[in-house]
Amino acid sequence: MTMRFAFQAAPSAESARQIAWLARACLLAEVRTWPKPGLVSHIDQGSHTDMTVAQFVSSAHAITPFFAQLYEAGSINAPLSRLREIGLDAERAMMDATGAINTHRGAIWALGLASAAAGHRATSGERSACSDILRQNWGAEILGTPPEEATHGGRMRRLHGAGGARIEAGWGFPTIRTVGVSALRQGRALQPDDPEAARVQCCMALIATLADTNLLYRGGPEGLRFAQGHARHFLKNGGVGQADWRQQAAIIHRDFVKHRLSPGGAADGLALSLFLDRLDPALPHKQPPGSPTR
């Protein structure tokens, strides 16, 4: 994935558009990555009989303008309630584009908050990572908001105690920044001429680490352990540094499909890792102080 954007120092219509285009590029790069265990791609539908790559592409284009709106809202330090309103508008656009299929709800939440943080940084002149700005400006409110019990994530939090996307976002995406972005950069070092390999490395690292509520919903604790074990084995053996890494990842993919497992949280995390890596290419992604340990 090649993305060249020159973000302006202060918020403007052009810089808002650039953020939106970047978010779309990251979403398209995620769905055009294979093999991602159990997930929809340009090659196959993974564990999903109700989703196609065309729906993901349509959704990514439909929700693009809302990332610009979130950037602009962040630039005036809008409250979380306003960010949620824009996010809900994006969800409705997604549903209209896909025929009521939830392709990007988690990504709207994650990349939307990161877009708002980028807007705030442009106005304030802060030099902190966008994830730090998110935590400092909206983190307490995010963590203080009761989870939506009607969602898969809410039910898995209640049944299994999984923190989910709300906790991750409130702390400034500590797993994404320390695991996802780091694995993305590691993958590039292992396979400098293959951007897709870096994305697979990132996805596997997130599967190995996240208590993914999508995996818990589909497979329970056993499914989560199965998925994490396979991803950890892949990474322990060298990840995309293996000569036959693509074949090994494809075997894991087929095992996930056989068990109907889909690590949707890792897919959202891959898109967000690409986004944060591009927003803060020179900044180390350290664990934020006080964040929960994995």
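The values are calculated or read from the model by the stated rules, or taken from the named source; none is laboratory data. Quick caveat: nothing in here was measured; it's all calculated off a predicted structure. Here the Cβ positions follow ideal geometry from the backbone for every residue, glycine too, while neighbour counts run over all protein chains shown.
Just to be sure, is L210 at pLDDT below 95, closer than 23 Å to L27 by Cα and buried (at least 21 other Cβ atoms within 10 Å of the Cβ)? For L210, the condition - at pLDDT below 95, closer than 23 Å to L27 by Cα and buried (at least 21 other Cβ atoms within 10 Å of the Cβ) - is met. Collect the residues in the stretch 205-249 that are not in a helix (DSSP H, G or I) and not charged (D, E, K, R), keeping them in residue-number order. Those that are not in a helix (DSSP H, G or I) and not charged (D, E, K, R): L210, A211, N237, G238, Q242, A243. Within the stretch 214-261, the set of residues being basic (K, R) and touching a Pro at 6+ places or on another chain (Cβ under 8 Å) comprises just one member, R246. Screening the stretch 213-265 for residues that are in contact (Cβ under 8 Å) with a residue 12 or more places away in the chain and of a type in the set (V, I, T) and picking the one that is farthest from G180 (Cα to Cα) gives V257. Counting only residues that are surrounded by fewer than 22 Cβ atoms within 10 Å (Cβ to Cβ) and either in contact with a helix residue (DSSP H, G or I) (Cβ under 7 Å, 6 or more places away or on another chain) or without any contact (Cβ under 8 Å) to a residue 60 or more places away in the chain (or both), the stretch 33-43 holds 3 of them.
Would the stretch 31-40 turn up any residue that is closer than 30 Å to A282 by Cα, part of a loop (DSSP other than H, G, I, E, B) and among the hydroxyl-bearing types (S, T, Y)? Yes: the stretch 31-40 contains one or more residues that are closer than 30 Å to A282 by Cα, part of a loop (DSSP other than H, G, I, E, B) and among the hydroxyl-bearing types (S, T, Y).
The numbered conditions (1) at pLDDT 95 or above; (2) outside any helix (DSSP H, G or I) are all true for H285 except (1).
Considering the conditions (1) in a helix (DSSP H, G or I); (2) surrounded by fewer than 18 Cβ atoms within 10 Å (Cβ to Cβ), Q55 is excluded by exactly one of them, (2).
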